[in-house]
Amino acid sequence: MEHILPADGPVVNDVHRHDFHELFFFTEGTGEHMIDLQQWSIAAPCMHLVAPGQVHRLDRSADMQGSVVMFATDAQLGQGHAARIELFNAPDRACTVALDEQRLAEARMLVRQMEEELARTSGPVAEVVEGYLGILLIKCAHWARSNATVSREQETIDPVRRFTELVELQYLQERQVAHYADLLAMTADHLNTCVKKRTGRTASSVIHDRLLLEAKRLLLHADLSIKEVGFALGMQDPAYFTRWFHKAAAVTPAAFRASIREKYQN
């Protein structure tokens, strides 16, 4: 748990990324939150979601207040596991969810209960905290769902959602649509039709875009050379990586790194 407290002036954090989940609850103030190179306005009260691996930077007003709940990918969440997937891994999820005062009060109560448990020196602290966290995630998923204009089909665990989950896990090793279609017990053509109907993109584009996003994350944040970024993405030929990136982003990796770091790093 961390608390966002008023400061003497506006605060701009450095660009960074984590290997854990983050739930931001903004109760007061305004600002901008860059998450994976997209700008999200902060209109309190609201909730922002940052998944493991995403790059982000918070630019906040001096009067901002709120709290941040952080938890590991292997946290024991009970019935909250499905809610975690829905919140952080859904293909059409938003990074920000508006909250009314009643929902904000519920979230703050659960956060306070977790903090009280964490302050204890004995008893089943971990189990109780993880129980509260699971409940919080179930609540947050419900709030996000009720704010979204999606069909009943989109609210269920379906092949498209499963496909994007598999891509998230395996995109560095597997980039062929046929591989994911086999895992889902369907043909590549049928998978492609389902994905395109839902997202407007082909299945291969989803895989390609995920790889490009990771390339952009590394170029912005990682202390790696252009050659090493290519290696991290499984491209052993630096010239090939440069050509691939230039074709996908219409700019060379070096030029992208220079422009994006100038924009986001102080």
Item to check | segment 1-57: number of residues that are of a type in the set (A, V, I, L, M, F, W, C) and closer than 24 Å to Glu106 by Cα | outcome: 17
Checklist entry - If you check Val111 against the conditions, is it modelled with pLDDT of 95 or more and either farther than 30 Å from Val167 by Cβ or assigned to a helix (DSSP H, G or I) (or both)? => result yes
Item to check | Selection within segment 182-196 - exposed (fewer than 15 other Cβ atoms within 10 Å of the Cβ) and either of a type in the set (A, V, I, L, M, F, W, C) or touching a residue at least 12 places away in the same chain (Cβ under 8 Å) (or both) | outcome: Leu183, Ala185
Item to check | Pick from segment 207-254, criterion touching a residue at least 12 places away in the same chain (Cβ under 8 Å) and of a type in the set (Phe, Trp, Tyr), ranking: surrounded by the most Cβ atoms within 10 Å (Cβ to Cβ) | outcome: Phe245
Checklist outcome for this item: Within segment 74-130, residues being at positive phi and either touching a residue at least 40 places away in the same chain (Cβ under 8 Å) or among the hydrophobic types (A, V, I, L, M, F, W, C) (or both) number 1
Next on the checklist: I'd like to know if segment 87-108 contains one or more residues that are in contact with a helix residue (DSSP H, G or I) (Cβ under 7 Å, 6 or more places away or on another chain), among the acidic types (Asp, Glu) and under 19 Å from Ile138 (Cβ atoms).
Outcome noted: yes
Checklist entry - Failed condition for Phe26, given (1) surrounded by fewer than 17 Cβ atoms within 10 Å (Cβ to Cβ); (2) modelled with pLDDT of 95 or more; (3) among the hydrophobic types (A, V, I, L, M, F, W, C), with all others met? => result (1)
Checklist entry - Taking the condition under 22 Å from Asp158 (Cα atoms), under 19 Å from the mean Cα position of the chain (by Cα) and in contact (Cβ under 8 Å) with a residue 24 or more places away in the chain, does Cys140 pass? => result yes
Next on the checklist: Regarding segment 90-108, can at least one residue be identified that is out of contact with any Lys or Arg (no Cβ under 9 Å at 6 or more places or on another chain), of a type in the set (Val, Ile, Thr), modelled with pLDDT of 95 or more and surrounded by 14 or more Cβ atoms within 10 Å (Cβ to Cβ)?
Outcome noted: no
Checklist entry - Of everything in segment 45-74 that's touching a helix residue (DSSP H, G or I) at 6+ places or on another chain (Cβ under 6 Å) and not in a strand (DSSP E or B), which residue is surrounded by the fewest Cβ atoms within 10 Å (Cβ to Cβ)? => result Pro45
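The values are calculated or read from the model by the stated rules, or taken from the named source; none is laboratory data. Computed from a prediction, not measured in an experiment: that's the story for all the values here. A quick note on method: Cβ atoms are made from the backbone with ideal geometry, for glycine too, and the neighbour counts reach across all protein chains shown.
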